[in-house]
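The values are calculated or read from the model by the stated rules, or taken from the named source; none is laboratory data. Please read all numbers here as calculations on a predicted model, not as lab measurements. Quick reminder, even Gly has a Cβ in these numbers, built from the backbone with ideal geometry, and neighbours come from all protein chains shown. Side chains included, ligands, DNA and RNA excluded: accessible areas come from the protein's heavy atoms. Shrake-Rupley method; radii C 1.70, N 1.55, O 1.52, S 1.80 Å.
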Amino acid sequence: MTAPATSASFKPLKLLKPLAEALAELLAHAAPFDRVESVSTFDADGRVLARDLVAELNVPVHDNSAMDGYAVRSSDWQSSATAFIINQRVAAGSVGQPLAAIS
């Protein structure tokens, strides 16, 4: 069992470097790559891009939510007692139909 720490055993904390000083220190060690090579995307893991890469098409082609959820027509929301029926399931990458009004 170790003896309890006393205030004499603690070292004072060092203050953080100012951002400009830390950045200058990091940049002093940075060097550009001396060669560029083309590889397939399958072989590109762990590599650094030599220039910006821009997709040739939008994927997905429509707005897409990254979250699961429910859509409700605001005109159908009359009170907290309104009962809603799930009338469609839209899988990722699919486009749903307009919501039908509650009758």
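Pop a pseudo-label 7 angstrom from the Cα along the beta-carbon direction at both Phe84 and Ala55 and give the gap in nm to one decimal.
2.8 nm
If R₀ is 41 angstrom, what is the calculated FRET efficiency for the pair Phe42 and Leu15, using the beta carbon separation as r and rounding to 0.05? It would help to have the intermediate numbers written out before the result.
On the way: r = 46 Å, r/R0 = 1.13.
Once the sixth-power term is evaluated, E becomes 0.35.
Per residue, how much accessible surface does the range 24-100 expose to a 1.4 Å probe? Answer in Å², no decimals.
Working: 7950 Å² over 77 residues.
Each residue of the range 24-100 exposes 103 Å² on average to a 1.4 Å probe.
Heavy atoms only, probe 1.4 Å: what % of the accessible area of the chain goes to carbon and sulfur, would you let me know? Don't skip to the end; give the middle numbers.
Values: 6440 of 10960 Å².
Answer for the chain: carbon and sulfur cover 59 percent of the accessible area.
Considering just Cα atoms, how many Å³ per residue does the convex hull of the chain enclose?
Working: hull volume 47.3 nm³, N = 103.
So the per-residue hull volume is 459 Å³.
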